[in-house]
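Asks: Structure incoming, see below.
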Amino acid sequence: MKVLADENMPFVRELFAGRAEVITRPGRALQPEHLRDIDALLVRSITRVDEALLSEAGRLRFVGTATIGCDHVDTGLLARRGIAFASAPGCNKVAVGDYVLAALLRVAAHKNWTLADKTLAVIGAGNTGSEVARRAEGLGMRVLRCDPPLANAGMPGLVGYDQALAADIVSFHVPITHQGPYATHHLLNEERIDRLGGHQVLINACRGDVWNNRALLARQQGGRPLTLVMDVWEHEPAVLAELVPHVLIATPHIAGYSLEGKARGTFALYRALCNHGGQPERHSLAALLPAPAVRSVHLNRAPDQAQLERLVRLVYDIERDDRNFRRGLASGEPGFFDRLRKEYPERRELGSLQWCGASAGAQALGFKA
Ligand SMILES: NC(=O)c1ccc[n+]([C@@H]2O[C@H](COP(=O)([O-])OP(=O)(O)OC[C@H]3O[C@@H](n4cnc5c(N)ncnc54)[C@H](O)[C@@H]3O)[C@@H](O)[C@H]2O)c1
Ligand SMILES: O=C(O)[C@H](O)[C@H](O)COP(=O)(O)O
């Protein structure tokens with residue numbers, strides 16, 4: 001079996017060794033002729049899997065994406081051509097939770113806020129939204145969940161979009177969809193942006209096109225700018241450069257980029273391909289991961305908000321990602337966005353750090369107790 005995988009897919013060679021010949025290529029540069037003799041294609045979100053890419057893929061029987069979002073894959077086309085498909089639901093939800101927790105603590109320091117006094121709304125209460133809600137509740141925040149598709153399916157306790165948009169902090173966790181009653185393209189449009197108060201904080205760690213970036217820029221250039229955290233951008237990898245100076249934390253679509261999250265993504269595809277071929281699994285996810293640099297800390301008392309920010313930074317420094325992003329943009333290097341993602345340094349999840357001693361509340365915040 002011949003497997004073609006995105007070059008940015010850790011552990012793919014280790015997992016498939018002895019079972020398949022693995023070829024890796026840059027995901028944005030895949031061409032139809034690269035798929036001529038390929039049996040299984042493993043991609044990330046930057047590869048559009050469509051009619052054009054598959055035009056010469058006569059042998060292809062399996063496509064997998066090591067991501068949560070599937071908007072880059074024409075799944076209808078795969079079904080019509082009898083090509084099996086797998087994604088990796090939830091693989092990097094913990095990493096997104098870590099990212100938003102780090103962002104919340106940074107925002108709080110910047111605005112001199114006590115987070116426990118604030119309300120956070122998640123738009124989209126699925127895997128990543130629920131992880132973020134859990135962390136915010138761990139911080140003592142009041143949390144609102146807005147998810148009309150789940151509300152329609154009968155889930156209790158959800159709020160409407162208008163109520164959610166009135167929260168102090170609004171964090172978006174929806175898939176990008178263009179049609180239907182719950183379409184999310186420009187869910188945050190000019191009209192909604194205009195209605196927001198100047199004290200509010202918006203976080204986007206889902207898909208760039210969910211926010212109208214030009215309308216946001218107009219708002220930021222007016223009298224009452226919002227506090228923005230942006231991991232994803234409309235028209236990625238192109239970024240509306242004028243918007244960046246008006247964004248408190250700006251990163252290149254790396255919210256989900258923990259080593260554990262990427263490993264879970266690759267492993268989900270390994271498992272799906274084993275299943276597809278009726279073969280037993282020979283590897284375990286835990287065995288793939290190296291020991292973290294810092295395994296435990298001893299706490300004599302529960303950390304306050306500032307101490308918690310330091311503990312988070314010990315594992316994940318969101319300001320480093322923000323600095324690298326601004327440097328890359330300022331350098332004028334055309335491919336800086338993809339380069340930062342490709343060369344992203346090893347980042348462990350907060351759960352790799354155990355709190356010993358005063359460990360109450362550690363788990364709700366994502367750490368190990
Ligand atoms: N920045 C990153 O690195 C990163 C990482 C992981 C996922 N993502 C993106 O985040 C998205 C969400 O991930 P997930 O794992 O939480 O997905 P999920 O499918 O578990 O949850 C998405 C939720 O959004 C809800 N939803 C759909 N339309 C809605 C609307 N109009 N208003 C409110 N809610 C709506 C759905 O009902 C669902 O519960 C993914 O599709 C992916 O695009 C980004
Ligand atoms: O949808 C996802 O899982 C995330 O957006 C993921 O982190 C995207 O990363 P990429 O596939 O672009 O490397």
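None of the figures in this text is laboratory data; all of them are computed from the coordinates on show. These numbers come from a predicted model, not from an experiment. As a convention, Cβ positions derive from the backbone with ideal geometry for all residues, glycine included, and neighbour counts pool all protein chains shown.
Asks: Please work out, to two decimal places, the log10 of the ratio I(q)/I(0) at q = 0.10, 0.12, 0.14 Å⁻¹ from a Debye calculation in which every Cα of the chain carries one identical scatterer.
Replies: Debye output, listed in q order: -0.66, -0.95, -1.26.
Asks: Of 272, 285, 239, whose Cα points farthest to the positive end of the dipole of the chain (charges on the beta-carbon: +1 Lys, Arg; -1 Asp, Glu; origin at the Cα centre)?
Replies: Going by the charge dipole, the pick is 285.
Asks: If you don't mind, there's one more thing I want to ask. Using r as the Cβ-Cβ distance of residue 142 and residue 339, and R0 as 45 Å, what FRET efficiency do you calculate, to the nearest 0.05?
Replies: Computed FRET efficiency for residue 142 and residue 339: 0.65.
Asks: Based on the Cβ-Cβ distance from residue 162 to residue 358, what FRET efficiency comes out when R0 is 51 Å, to the nearest 0.05? Walk me through the numbers on the way to the answer.
Replies: Working: r = 40 Å, r/R0 = 0.79.
Here the calculated transfer efficiency is 0.80.
Asks: Given the range 139-294 reduced to its alpha-carbon atoms as identical point scatterers, what log10 I(q)/I(0) does the Debye formula return at q = 0.12, 0.16, 0.17, 0.19 Å⁻¹?
Replies: Once normalised to I(0) and log-transformed, intensities are -0.69, -1.00, -1.07, -1.18.
Asks: Okay, moving on. Would you list which lysines come within 26 Å of residue 342, measuring only between C-alpha atoms, while excluding same-chain residues fewer than 8 positions from it?
Replies: In chain and number order, the partners are 2, 93, 262.
Asks: Something else: When the dipole is taken about the Cα centre of the chain, and only Lys, Arg (+1) and Asp, Glu (-1) are charged at their Cβ, what size is it in debye, to the nearest 20? Could you put the intermediate results ahead of the total?
Replies: Numbers: 44 positive and 40 negative charges, 147 e Å.
Computed charge dipole of the chain: roughly 700 debye.
Asks: Once you have the Cα-Cα distance between residue 116 and residue 319, take 0.36 nm times their residue separation minus that, and quote the gain in nm to one decimal. Each step should come with its number before you reach the end.
Replies: On the way: separation 203, 0.36 × 203 = 73.08 nm, distance 2.23 nm.
Computed gain between residue 116 and residue 319 is 70.9 nm.
Asks: What list do you get for 142, 301 if you sort them by fewest beta carbons within 10 Å?
Replies: Details: 142 14, 301 8.
Fewest to most other Cβ atoms nearby, the residues stand as 301, 142.
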